[in-house]
Amino acid sequence: MNAPATPAGLLRPEILAMQGYRVPDAAGLVKLDAMENPYRLPEPLRAELGRRLAEVAINRYPAPDHPALRRAIRERFGVPAGHDVLLGNGSDELITLLTLATARPGAVQLSPWPSFVMYELSARFAGSRFVGVPLAADFSLDLPATLAAIDAHRPAIVWLSSPNNPTGNCFDPAAVERVLEAAPGLVVIDEAYQPFAIDSWLPRLPRYPNLAVLRTVSKLGLAGLRLGYLCAARPWLDELEKLRPPYNVNVLTEAAVRFALEHLDVFEDQAARLRADREALAKALGELLAGLPGARVFPSRANFLLVRLPDGPASFERLRARGVLVKDVGRMDPSLRDCLRLTVGTPEENRLLVEALRASL
Ligand SMILES: *Cc1c(COP(=O)(O)O)cnc(C)c1O
């Protein structure tokens, strides 16, 4: 008889060696670690959404390719003619699908680094190699190094998070164009933070057949619904569609997102408020950190701020002890030493953050 199977005996060694994506417990804390929109829908809209969801036939599987939802997304977000969207259970799922689809033997996934950890995790899940190209000292794209790495590694996909998580900046469009021209494979521009940056690559899709734009409704204020969409030309989507689990977007998500798109102005107002509050928070933090050795607030086009503190890990712990949860990104990369990533919250949450930081310095 065989010995009973164990995970260590059965699973791929690279999976056993990995740390999963860990989400910390935020119970009782001011939650400024995950770039959530702190605002909910106004009460009358919540009531209306409840009535809408009550009508949904939850006994039925979702419609196979969500034609109404896809049309609403194309119209509301201005997907160019001749292009369409692939829907994912969050854009995280689309990152997984794209990586899986391109995971031929020896395939490489490439991204400037530090950037969104899921690009690297997904590459490893798929058995592909991940190449991170260090960003320049000011976190801009190091174009010569990026072009050299593209030439050397011939990546299946170049991932560009712009604004970049966790640094907050957008990449120079002229540099991105050079990457698009040099890349032998797909260039996926991840616009998760587009509501806070305004600029978008969507209108330029027709000009670059190897460009795909990844979006999500999460940071806009619907993180709990789990809906991402990949905008690209039909030939890409027709192939990727084969990998999409048939019912990955559930009927409640579909109905709630369609409802939200009818009230997009509410979310756009919230994003505008967060953009203004981002500037106010950056100013308050700048004043607080002025004169501290090494400390600084990095410029941001997203709904978070990256800050460097005299002692990042100690500040993280002291903030948590004072009831404020942020993200310690200091160990992610040497360029982020002593850095924390702070989500922009409500004015009251931002005030609590600044006060907790003041008390902990
Ligand atoms: C938050 C984030 C995502 C994940 O979005 P979901 O749609 O919630 O899965 C994707 N890309 C970047 C860069 C992010 O920061």
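So for segment 58-263, averaging the separation of alpha carbon pairs under 8 Å that are six or more residues apart and normalising by length, what relative contact order in percent results?
Reported relative contact order: 28 percent.
Just the number please: accessible area per residue for segment 130-220, 1.4 Å probe, all protein chains included, in Å². Show your work: numbers first, answer last.
Details: 3020 Å² over 91 residues.
With all protein chains present, segment 130-220 gives 33 Å² per residue.
Excluding Glu262 itself, what net charge comes from residues whose Cβ is under 10 Å from its Cβ, given Lys and Arg +1 and Asp and Glu -1? Could you put the intermediate results ahead of the total?
Numbers: positive: Arg52, Arg76, Arg258; negative: Glu48, Asp265.
Once positives and negatives cancel, what remains is +1.
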**Asked** At a 1.4 Å probe radius, carbon and sulfur cover how many percent of the accessible area of the chain?
**Response** 55
**Asked** Tell me, how many Å apart are the Cα centres for segment 135-210 and for segment 303-361?
**Response** 27
**Request:** Using the Cα centre as the reference, give the magnitude of the dipole from point charges on the C-beta atoms of the chain (Lys, Arg: +1; Asp, Glu: -1; all else neutral), rounded to the nearest 20 debye.
**Result:** 380
**Item:** Point-to-point label distance, Arg207-Val266, nm (Cα→Cβ direction, 7 Å offset)
**Value:** 3.6
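Any idea what the relative contact order of the chain is, in percent, if you count C-alpha pairs under 8 Å spaced at least 6 apart?
Values: 610 pairs, mean separation 77.0, N = 361.
RCO, the chain: 21 percent.
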**Request:** Mind checking which lysines have their Cα closer than 24 Å to the Cα of Lys219? Skip sequence neighbours fewer than 8 apart in that chain.
**Result:** Lys31, Lys283, Lys327
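Checking understanding here: applying a Kyte-Doolittle mean of at least -1.0 and a length along the axis of at least 27 Å (C-alpha), which whole DSSP H helices in the chain pass?
Taking the DSSP H segments of the chain (at least 27 Å long, mean hydropathy at least -1.0), we get 264-289.
How big is Rg to Rh over segment 143-193, alpha-carbon atoms, Rh as the Kirkwood inverse-mean-distance radius? Don't skip to the answer; put the middle values down first.
Values: Rg = 10.7 Å, Rh = 11.2 Å.
Value, to two decimals: 0.96.
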**Asked** Where q = 0.06, 0.10, 0.14 Å⁻¹, what log10 of I(q)/I(0) comes from the Debye formula for the chain, counting one point per Cα?
**Response** -0.24, -0.67, -1.27
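Residues with beta-carbon under 11 Å from that of Ala103, excluding Ala103: net charge, scoring Lys, Arg +1 and Asp, Glu -1? If you can, show how the numbers build up before the last one.
On the way: positive: Arg104, Arg124, Arg129; negative: none.
Net charge in that neighbourhood comes out at +3.
The values are calculated or read from the model by the stated rules, or taken from the named source; none is laboratory data. Keep in mind that this is a model prediction, so the values were computed, not measured. Note that we place each Cβ from the backbone using ideal geometry, even for glycine, and neighbour counts take in every protein chain shown. Keep in mind that these areas ignore ligands, DNA and RNA; they rest on the heavy atoms of the full protein, side chains included. Shrake-Rupley method; radii C 1.70, N 1.55, O 1.52, S 1.80 Å.
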